[in-house]
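Working notes, structure below.
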Amino acid sequence: MRVQATEKPGPRPGWLILLVALSIVLITVWYRESDTGPLHRVRAGVQATSAPVSAAGEFVTRPVRGLFAWAGDLGVSRSQLEQLREQNRTLRVRVAELEEARLENARLRALVDIPQARELKAVGAHVIGRPTNSWEGVITIDRGSTDGIRAGMPVVGPQGLLGQTVAVSPGSARVRLITDQRSGVAAMVQRTRAEGVVRGSIDGDMSLDFVSVDRIVKKGDVVITSGMGGVYPKGLTIGEVIDVRRPANALYQEIDVEPAGSPARLEEVLVLVGEPPAVVPEGGE
């Protein structure tokens, strides 16, 4: 036997029409009655009854809402903090770069003053190699034969003479410092014009040799190049006298000289590529 399925009743539009009509009537009455009308009194009663419930709900949910607000603010603060840290790192790098540029600019200005004052041609170079042992006073610079550098050219720093090139390749050159034991520079005492030869030593100390005992030399006197021999221009600062000894029955004084600058801390140098001017001996033509 076949059983027919019961059909579900469809929606009844009559209830919907009735509710809509009732809503229209209530709205009309609401707007037409005064504030003391029955609908207004009912609304006031419902609000008075639900107010404690609303207050309790506000009290209970306030910590939860505060926690979510704090968490949201914390996320924003961390993001802003990370941005500030990144900006701080960028600014520190920029300040370091500007300070390095300022220091390099100051060193280069001091270097440029030397050849400009004597109208000498010069090529700037960076020091790329320091002495590899304690008994060899040689540095390496990043200029070579392609830049017009040749062996035997004087090299100066901000305080004065450093040495001369001894070996040159296309892209670099080795410079023997005046403190090297194999170095010798024709020199004179600036104040008295007493001439001699500045020599280096194995420990990096310098001395002014072959100065007669009858010439006056004092501690603190400045020693400069004399220009004799045609290797170094006249008037470049070599160093300062730090000690003078006159041994008995000796022909020459023992004079210790301190270099004008420390080669160990040099970063930039100048190679004097022009021919030094000829020097006429005192009393000569």
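Values quoted throughout were computed directly from the atomic coordinates according to the rules given, and no laboratory measurement underlies them. Treat the numbers as computed from the prediction; the structure is a model and nothing was measured. When we count neighbours, we look across all protein chains shown, and the Cβ atoms used for this are built from the backbone with ideal geometry, even at glycine.
Across the stretch 219-241, the qualifying residues are those that are among the hydrophobic types (A, V, I, L, M, F, W, C) and in contact with a Leu (Cβ under 8 Å, 6 or more places away or on another chain), and the one among them that is surrounded by the fewest Cβ atoms within 10 Å (Cβ to Cβ) is VAL241. Aliphatic (A, V, I, L, M) and in contact (Cβ under 8 Å) with a residue 60 or more places away in the chain: does that describe LEU236? So LEU236 passes the test.
Tell me which residues, restricted to the stretch 153-190, are more than 20 Å from SER226 (Cβ to Cβ) and over 32 Å from the mean Cα position of the chain (by Cα).
Here is the first cut: in the stretch 153-190, the ones more than 20 Å from SER226 (Cβ to Cβ) are 158, 165-175, 181.
The answer is VAL166, ALA167, GLN181.
Looking only at residues of the stretch 173-201 that are among the small types (Gly, Ala, Ser) and free of Cβ contacts under 8 Å to residues at least 60 places away in the same chain, we find that the one that is farthest from LEU270 (Cα to Cα) is ALA194.
For the stretch 149-178, enumerate the residues that are farther than 13 Å from VAL127 by Cα and either among the basic types (Lys, Arg) or exposed (fewer than 14 other Cβ atoms within 10 Å of the Cβ) (or both). Those that are farther than 13 Å from VAL127 by Cα and either among the basic types (Lys, Arg) or exposed (fewer than 14 other Cβ atoms within 10 Å of the Cβ) (or both): ARG150, ALA151, GLY152, ALA167, SER169, PRO170.
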